[in-house]
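Participant: One structure follows; several queries about it will come next.
The numbers here are math on the coordinates, done by the rules we state, and not lab data. These numbers were taken from a predicted model, which means no experiment stands behind them. Neighbour counts run over all protein chains shown; Cβ positions are idealised from the backbone, glycine included.
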C-alpha cells in the first residue's frame, strides 16, 4: 500500500524531531544505540542494526557514508545486508546521497 509506505517513511524521517519535541533531547536513544553496538561487538552476537557505513556501491551510490542494515560482530561491521529497493526508494536513496555529498563538499572542500 503506497499510502502506508509513505506514512512509515515520514515517521522514520521525522522520528528524531518527535523525540526532541517531547523530551527536548535524544541522549537516551544515542546511549542505547551505542550500548547495543558495543554489546554486539563484545559478545560477537552478530546483531542486525542500521549503521552509517562507507558505501562502495549500493543502489548506484558510492563514496559516501550512509545508514544501511549491517551485521555487527567481534570485528565490527561483518557485512552489509542486501535489501531490495523499489524505484522510488532507489531515487530517494540516491538523492539523499547526493545531498549529503554536496553538504560535505562545502564542509571539507
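Participant: Across the Cα atoms of segment 40-89, what radius of gyration and what greatest pairwise Cα-Cα distance (Dmax) are found, in Å?
Facilitator: 11.9, 38
Participant: What share of Cα pairs, in percent, lie more than 15 angstrom apart in segment 2-107?
Facilitator: In whole percent, the long-distance tail amounts to 72.
Participant: GNM, the chain, Cα, under 10 Å: largest mean-square fluctuation among 56, 18, 95?
Facilitator: Most flexible of the set in this elastic network: 18.
Participant: Just grab the label-to-label distance for residue 102 and residue 81, each label 7 Å out from Cα along the Cβ direction, in nm (one decimal).
Facilitator: 3.1
Participant: Of the residues 42, 53, 61, which exhibits the maximal mean-square fluctuation in a Gaussian network model of the chain defined by a 10 Å Cα contact cut-off?
Facilitator: 42
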